[in-house]
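Scroll down for the structure; my scribbles are underneath it.
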Protein chains: 2
Amino acid sequence: MLFRRLLSGRNNNIINNCIKSINQNKSSILLLNNKSPNFNYNFNFTTTTTTTTLSRFNIVGPNLEKNMENKEKIRNGLEELMKRRFFITPAFQIYRGVAGLYDYGPPGCAVKANLINYWRQHFVLNEDMSEVDCTSVTPEIVLKTSGHVAKFSDFMVKDEVTKLYFRADHVLEGHIEKLLLDTKLTEDKVKELKHVLTKAGDYNQQELKEALVKYNVKAPETGNALSDPYPFNLMFKTEIGPSGNNPGYLRPETAQGIFVNFAKLYEFNGKKLPFAAAQIGNAFRNEIAPRSGLLRVREFTMAEIEHFVNPNEKTHPKFQEVANDKVFLLSSEAQDTTKEIIETTFGDAVSKGLIDNETLAYFMARTQLFLHTVGIKPAGLRFRQHQRNEMAHYAKDCWDAEILTTYGWIECVGHADRSCYDLTVHANESKANLTVYEEFKDGPKMIDIAVIDVKKQLMGKQFKQAAKAPMEYLAGLKDKVDEAMQIQEALNTTGSYVLNIDGQEFTLTKEMVTITKGQEKKSGKNYYPHVIEPSFGLGRIIYALLEQNYWTRENDEQRGVLSLPAIIAPVKASILPLTNSEKLVPFVAKISKLLKEAGISTKLDDTGNAIGRKYARTDEIGIPFGITIDFTTVEDETVTLRERDTTKQIRIPITDLALTLKKLCDNTVSWSDVSKTFPAYESQSE
Amino acid sequence: MLFRRLLSGRNNNIINNCIKSINQNKSSILLLNNKSPNFNYNFNFTTTTTTTTLSRFNIVGPNLEKNMENKEKIRNGLEELMKRRFFITPAFQIYRGVAGLYDYGPPGCAVKANLINYWRQHFVLNEDMSEVDCTSVTPEIVLKTSGHVAKFSDFMVKDEVTKLYFRADHVLEGHIEKLLLDTKLTEDKVKELKHVLTKAGDYNQQELKEALVKYNVKAPETGNALSDPYPFNLMFKTEIGPSGNNPGYLRPETAQGIFVNFAKLYEFNGKKLPFAAAQIGNAFRNEIAPRSGLLRVREFTMAEIEHFVNPNEKTHPKFQEVANDKVFLLSSEAQDTTKEIIETTFGDAVSKGLIDNETLAYFMARTQLFLHTVGIKPAGLRFRQHQRNEMAHYAKDCWDAEILTTYGWIECVGHADRSCYDLTVHANESKANLTVYEEFKDGPKMIDIAVIDVKKQLMGKQFKQAAKAPMEYLAGLKDKVDEAMQIQEALNTTGSYVLNIDGQEFTLTKEMVTITKGQEKKSGKNYYPHVIEPSFGLGRIIYALLEQNYWTRENDEQRGVLSLPAIIAPVKASILPLTNSEKLVPFVAKISKLLKEAGISTKLDDTGNAIGRKYARTDEIGIPFGITIDFTTVEDETVTLRERDTTKQIRIPITDLALTLKKLCDNTVSWSDVSKTFPAYESQSE
C-alpha cells in the first residue's frame, strides 16, 4: 500500500509541493524550480559520504550530478522527447484529454512490460512468491472494512460564489507562496510561512480550516469567500449490476485482493509461514485536481508484495546475502535534527535497531538491487524512514525508497511492517478464519483456558429465540481468558454484565453463567501473522529511470540519449541499412529473422536518412545496440555493431550476431569484452 | 472488439443458452447437458473430413473425443481441481463473493502471465506491432462517439410486484424450456419453440416484448406480471473528479484507446500503411445477472489488435506463409443450410471468396497457430463466419475462432474487417485529422474538385456572427464533389438549401453561393484507412485450454492431469526429494539454484508424502517435468527426470539438467530425443 499515508492525509506535500507536471505549462514549472521557497524539503545531499558517491559515474553516459545542476534543461528535453517519440501521452487528447490519465505509447509500453517481467523474475520467481491476479471492481464491504471508505480522502474547498472547487492544501500553499514574495517580511515570519508550506499537505480538516482562516485565504482569481474544507473520497465509485443497491469501488491499491484470499494462499503454501503473495495490477485514485503529471495520476500500475510472517520470527534466512550491501538511509530522527543521509549497510542498520527487523531490511535490499539493475543510479536512491506521526497506529516501521529526480526525492516504493492489522479487520468483519495454526516446537503443553458454565435453561427463558447469540459468544471466550475473567469479575461485584453483540444488548446475571480458570492440553496455537509489505508504484519508477538515464552528448546538446539498461530498453537492437539500395534488402530480412528467432527485439529504420540521423533516433528511445548493414556486408557478410553510450563500433560476422547480442542483453558479457573479440570499426558519420 | 455483437444485442444465446457456470450448483448444470433442447446449436462435427481428425491424438494424454463423451465428469473434475489447487476462485469469497468477478490464484495467474507473454511474442514482436497501454477510465464523449453509450445494452424485465429484475432473454428461455417439457406438443410446435430458444438472445426490444406477450411469460417463482423489457447499459459508470459533471465509464473493450491515439501511432510508424497496434488490458462489463462462470464475467483481460490498411490493398505480404495451413470453417451460408464444417486451406478460402481478403485470413491463420501452440486441440477449434444480420452494418466480414468445450463451441477470438467506421466517427466528433495521406504511385494527377464561390458579404448580412460556420462548412466541401454538386442542384431547382450544422439551420440562397466542378493537380490524397481487428478474450481461452487438456489416467480415475504445453504450464519443473532425509537437502538447494539461474521456474515438494502422491500433485497443476532426488543422487550426482504425460523417467546427471530442461521447454528438443540420450529409469512407485 504505497502512499497509504494518504489515509491519514499526512505528508502529501513532500510530493505536492516539490513536483510539477512535465505536461504543465512552463510558467508554473518555472515557479517551482529549485529557487522556489517550497523546495526546502530537498535534504542537503552533500554529506561527506555521499558527495563522493555522486561522482562515481562513467565518463560517458548520464551523470546525475550534472542532471541535478541542469534540472530544467533535462526535464524539458525529456518531456519533448517523450512527446515526440510517443513514450507517454495524455490520454484522450483528441478530446482534449482528462487530467491525471496517461497512455503509454509503444516505447513506454515496452519499457513498462520489461519492468514488469523483470520484477516478476526478481521477486516472484526468485523468492518463490505466490502471485495472484484479483479484480479491480471491489464491493463496498471490503473497502469499508479496510478503512478506505471512511478515511481515503483529501480535503476540498469551494468558491462560495462560482462553486468551483480546489484542493484545500493547494489553495493554502498558493496563498502562502504569494505572501512569501513580500521582501519586507521579518525573518520569523518567513520561517513561520515556510513551515506552513512544508506542513500544509499533512494538515487534517481542523488544521486546514484554522490555517485558511488565519491567513485569510480567498478563492484564487475571483477573491471570493471559500467554504470550510470538507473531505472528498479518492475512490472511483460505481454500481455493480442493475439493482441500484450494490455499490462498488475501483480498488485504490492491489493489496486487499491478497488479504481477502489469505486463507486460500495459506493453504496453497502448505499451511506454513513465512510465505509471500504478490500482485501486479492497476489501481485507481480519483484525485481532486491532479497537477503533477506522471507522478500523481488517476490510474496506475502497482506491484505489491505481502509477506506473512510469525510476529516473533522476523529474522530472514537469506539476510546474510544482503547484510553487507551498502545503503543510504534518512532516519526518522535525522529528519527532525541533522537532515543527514547516512551511508551504512543493511546488516549494521538492523543490528543497531535502525531498521526494525531482518525481513523488512531484506526486502529493502532486494528493492535496492532491483532498482539499481533497472537503471536507477546508486547516488539517486535513498530510503527515508516514516516519522511516527506519518505511520498508521498499527504500523511497526516504514521505509520509503525515494528516487532523486529534478522534482526532488520521489517516493516510489513503500516498505511497511503493518503488523496484523489487515487480516484482523477482515476476519472480524467477514467472520472468516484468517489465522494460522502452529504446533508448539517443544510438544504439547497445558494452556490456560476459561471454563464457562452456562445455565442454558435460564438463558433460554430470559432471551427466548435470541439466546443463541449470547451462548455462542460465551462459548467463544474459552481461549480469551482475560476477557472471560473480566466478565466473571463484573458478575461477582455488580451481579450482572451487559453483553453487546452486533448492537443488541443482553444483560447476563450471575445465575446464568459461572466462569472459572482451567487448563487444557494443546499441541499448538492459532494466531494472526504479521505482514511486511513492499509496494511499488511502477509509473513513478518509470518516470524516474527515464529522467536519471536521460542526457545529451557534449558536442551535441540537441541530441538526447536514453541510456536505459538493455533489460529495460524498449528494443534491444536497431537494424540500419546504410542506404536504400536494393542490394542491402536481403540482409535486412536475414538479420531480422535471425534476431527474432533468438528472441531479440529489433527496430528497422529503412528511411533514406543519413546514418548519423538514424543513430540519433535510436539513441533517443534508448536502443542499446545498432547494427549497420553496408556494402562491405554484401561482400563478406559482416556488419557493424555500435554501442549506444560510447558510440564505439566493431565489425562482426552476421553468424556471430545473435549470440553476441543475446549475451550482451543478458549481461553475461560486457561491451568491453566484445570489443576485444572483434575488430574496431571507425565510423565517420556519427 | 470481441463480443461486439452485443452492441446489436444479437447472438448472445449461442453462449447464454449453451453454457453454464462451473461454479453454479450442479442441478442447473444437469439441466443443460447435451440432452437439453437448447443444446442444438452444437453443429454436428462428424463430417467425413473431421471425424478422422478427432482421432488424431497421442495414445497417452487428453483426448478431446473422450472428453466430449464424458462432459459432466470432465467438467466437474476440472472444477474441483481448480478450486482445490487455487487456479481460479470467485472473488471476495469471504464476503460471499460478487457474481461475475473471479480472482486468479498462483497457478492460474502463472498460466495467464505465460499466455500474455507468448501472445506478445507471437503477435507484437513477430509482426512488429506497436503496443500501447491505455487507461480503463474513459470519459463519456469517447464512448458516446463509439456508440457504446447508446447501444451497449442488454434487456431487463422486472417483477411488477417484488421489483426483482431478470434478463429478459433468460426469462423467456426459461419459460420456453418449461413448455418444451410437455410431451404432447405437435412437431411443428416443438420446432417453433426451439427456434425461439435459439433466437431469444438475438431479439431486439420489440421482438422480446412480443415473445413475452405471445407466450404469456410471468416472473419466475412468483408468477407475477412482468414489466416490458427495457435496456440496461452494460458499462460500469463512474464520476471523474469531484465536479459532478464529468461522467466516465470503465472501458468495455480496449480498442477505443487505440483509435483515439491513431494519429500518434501513424506518425510513430513513419506515416506508412499498413501497420498494426495492439493492446493487452482489462475490460469491464456490468452484466445484469452473470451466470456462466468464467465464460461471462464482469472484469476480464483482452488482447486486441487493430491492423490499419489501405481499403484497396488488403493483400498481405506474408500470406503465402500460411496459405497452405488447414482450417475448419463454418460459413455463414452453411449455418443456414447444411450446418457442415468444412476442412480447407486459408489459400483456398480466400481464392474462393469465402474469407473476404488475405489480411483477414492471415490473422485467422496466426490466431490458429497461436491457439494450437498454447494447447488448443486442432479438432477443437473452428472459425465461424458471422451471418449478415449478426454484423454491424459497416463490417465487411467477421470470423470467430470458436473452441470446443463441454459447454459447446465458445467464441474466444473475433476477427472483424470493420472498414473505416471507428476512425470516421472519432474524427467527425473530435475534429481531429484521423486520415492518412498517400502519394499517387504514378506521380501527380488532375483531381475533380468543387469550386465554391461564396458571397461573403451576403452571408454575413444574413447570418451575422453565425456566418462563420456555414462558410467554413462550404469551404470544406472542396474535396467532396458529390455533396457539393447536390447542394448546387438544390439551389438550381428550388432556389434555396438548408444546411444543418451541429443542430443549427442555415438557409442558403442561390445568390449566396455558386458551386461548379473544377480540377486541381494533386500529388496524393487523404483517406480513412480500414481496420482489421483480431480480438482475444484471454479468460475464455484459459478456461478452454484447461478443459481440453484435462484428463484422468486410465488406471486411476481420481487422478487428474493437466497436459499443458510447457510454454503455458504454470511451473516448468517440480523438485521432489524422495524422503525428508537431511542428506538430500543440499541437492535440493543446488538444483533449485541451477534452474533458477537458467530461468526455469520450479516448485519444491519437500513434504513427507510418498513420491507417487507428489507426482499426482504436480500432474494436477500441469507441471511437465519432475525431478526426483534420491539416495543414488548422493552417490553419483544424477537425478530422475519424469515426463508428465507418459510418466516415463530417465536418469540424468545434475550437470545436464538445466540445459536439457531449457531445450525441452523451448521445444527445441523432444522428450523422445531426450529418452534416447539418457538411460531409462524404472520407477516402482507411480
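Readers should treat all values here as calculations from the given coordinates under stated rules, not as data from a laboratory. Owing to the predicted nature of the structure, the values given are computational and were not obtained by experimental measurement. As a convention, Cβ positions derive from the backbone with ideal geometry for all residues, glycine included, and neighbour counts pool all protein chains shown.
Hey, how many Å between the Cα centroid of the stretch B:89-138 and the Cα centroid of the stretch A:105-134? When both Cα centres are located, 13 Å separates them. Each Lys and Arg Cβ is given +1 and each Asp and Glu Cβ -1; about its Cα centre, chain A then shows a dipole of about 800 debye. Neighbouring Cβ atoms from other chains, within 10 Å of the Cβ of residues in A:241-249, number 4 on average.
When each of the peptides B:166-173, B:89-96 is scored by the mean number of other C-beta atoms lying within 10 Å of its residues, the order from highest to lowest reads B:166-173, B:89-96. Of the peptides B:240-252, A:548-560, the ranking by mean beta-carbon count within 10 Å, highest at the top, reads B:240-252, A:548-560. For the stretch B:429-437, putting each phi into the Karplus relation 6.51 cos²θ - 1.76 cosθ + 1.60 with θ = phi - 60° gives couplings of 6, 8, 6, 6, 7, 10, 9, 10, 10 Hz, in residue order, rounded to whole numbers and with x for Gly and Pro. When peptides B:204-211, B:392-399 are sorted by average Cβ neighbour count within 10 Å, with the highest value leading, the order is B:392-399, B:204-211. A simple spin-label model places pseudo-atoms 7 Å from Cα toward Cβ; at B:Asn117 and A:Asp502 they are separated by 4.7 nm. Here is how far apart the B:Val498 label points are across copies: 7.5 nm, shortest first, using a point 7 Å from Cα toward Cβ. Ordering A:Pro107, A:Thr618, A:Val157 by Cα displacement along the dipole of chain A toward the positive end leaves A:Val157 in first place; charges were set at the Cβ atoms of Lys, Arg (+1) and Asp, Glu (-1). Taken one residue at a time, the phi angles of the stretch A:651-657 give Karplus couplings (6.51, -1.76, 1.60, θ = phi - 60°) of 10, 9, x, 4, 5, 8, 5 Hz. Gly and Pro are set to x. Shown here: the protein assembly as shown, whose C-alpha atoms stretch 107, 101, 76 Å along the first, second and third principal axes, sorted largest to smallest.
Couplings for the stretch A:98-106, taken from phi via the Karplus curve 6.51 cos²θ - 1.76 cosθ + 1.60 with θ = phi - 60°, read 9, 4, x, 10, 10, 10, 9, x, x Hz in order; Gly and Pro are left as x. Counts of other chain beta carbons within 10 angstrom of each beta carbon in peptide A:87-99 average 6. Each of A:Cys420, A:Cys109, B:Cys412 was scored by other Cβ atoms within 10 Å of its Cβ. Listed from fewest to most, they are A:Cys420, A:Cys109, B:Cys412. Shielding by partners for peptide A:103-112, expressed as the average number of C-beta atoms from other protein chains within 10 Å of each residue's C-beta, is 6.
What residues of the stretch A:400-425 lie in the reach of a label at A:Asn526, counting those whose backbone N is under 16 Å from a point 7 Å from the Cα along Cα→Cβ? Within reach of a label on A:Asn526, which here means backbone N under 16 Å from a point 7 Å along Cα→Cβ, the stretch A:400-425 contributes A:423-425. As a calculated quantity, the FRET efficiency between A:Glu127 and B:Ala610 at R0 = 30 Å, using C-beta atoms, amounts to about 0.55. Partners of A:Lys214 within straight-line reach, counting lysines whose Cα lies under 20 Å from its Cα and excluding those fewer than 8 residues away in the same chain: A:Lys158, A:Lys178, A:Lys184, A:Lys189, A:Lys191, A:Lys194, A:Lys199. Charging the Cβ of each Asp and Glu at -1 and of each Lys and Arg at +1, and nothing else, the dipole of the protein assembly as shown about its Cα centre rounds to 1220 debye. In this structure, the residue pairs whose Cα-Cα separation is over 22 Å, taken from B:Lys112/B:Lys676; A:Lys318/A:Lys339; A:Lys314/A:Lys517; B:Lys272/B:Lys525; A:Lys441/B:Lys614; A:Lys377/B:Lys590, are B:Lys112/B:Lys676; A:Lys318/A:Lys339; A:Lys314/A:Lys517; A:Lys441/B:Lys614; A:Lys377/B:Lys590.
The residue list A:Cys412, A:Val374, A:Thr344 was ranked by how far each Cα lies along the charge dipole of the stretch A:335-455 toward its positive end, using unit charges on Cβ atoms, and A:Val374 comes out on top. Amide H to amide H under 5 Å from A:Asp397: which residues, 5+ apart in sequence or cross-chain, H placed 1.01 Å off N in plane? It is A:Asp417, by chain and number. Placing a label point 7 Å from Cα along the Cα-to-Cβ direction at A:Val585 gives distances to the equivalent points in the other copies of 6.6 nm, listed shortest first. Just add up the charged neighbours of A:Ile515: K/R +1, D/E -1, any other residue whose Cβ is under 14 Å from the Cβ of A:Ile515. Taking every other residue near A:Ile515 into account, the sum is -2. Dividing the C-alpha radius of gyration of chain B by 2.2 N^0.38 Å, with N its residue count, gives 1.14.
In the frame of its principal axes, the stretch B:445-522 has Cα extents of 39, 25, 24 Å, reported largest first. Placing a label point 7 Å from Cα along the Cα-to-Cβ direction at B:Pro653 gives distances to the equivalent points in the other copies of 2.9 nm, listed shortest first. Of the residues A:Gln465, A:Leu78, A:Pro317, the one whose Cα sits farthest towards the positive end of the charge dipole of chain A is A:Gln465 (charges of +1 on Lys and Arg Cβ, -1 on Asp and Glu Cβ, taken about the Cα centre). For the stretch A:341-409 versus the stretch A:149-177, the inter-centroid distance based on Cα atoms is 32 Å.
Distance from the C-alpha centroid of the stretch B:415-481 to that of the stretch A:552-627: 39 Å, rounded to the whole angstrom. Dividing the helix sum by the residues of the protein assembly as shown, where each DSSP H run of 4 or more adds -39500 (n - 2.57), gives a mean residue ellipticity at 222 nm of -10000 deg cm²/dmol. Residues whose amide H falls under 5 Å from that of A:Ser153, counting only those 5 or more places apart or on a different chain, are A:Leu234, with hydrogens built in the peptide plane. Note on A:Lys318/B:Lys352: beta-carbon distance plugged into 1/(1 + (r/R0)^6) with R0 of 56 Å gives a FRET efficiency of 0.30.
Here's how it looks for A:Thr405: its modeled amide H is under 5 Å from those of A:Ile410, which are all 5 or more places away or on a different chain. For the stretch B:571-681, the C-alpha radius of gyration divided by 2.2 N^0.38 Å, with N the number of residues, is 0.96. Here the stretch A:445-522 is assigned +1 on the Cβ of each Lys and Arg and -1 on the Cβ of each Asp and Glu. Its dipole about the Cα centre then comes out at about 340 debye.
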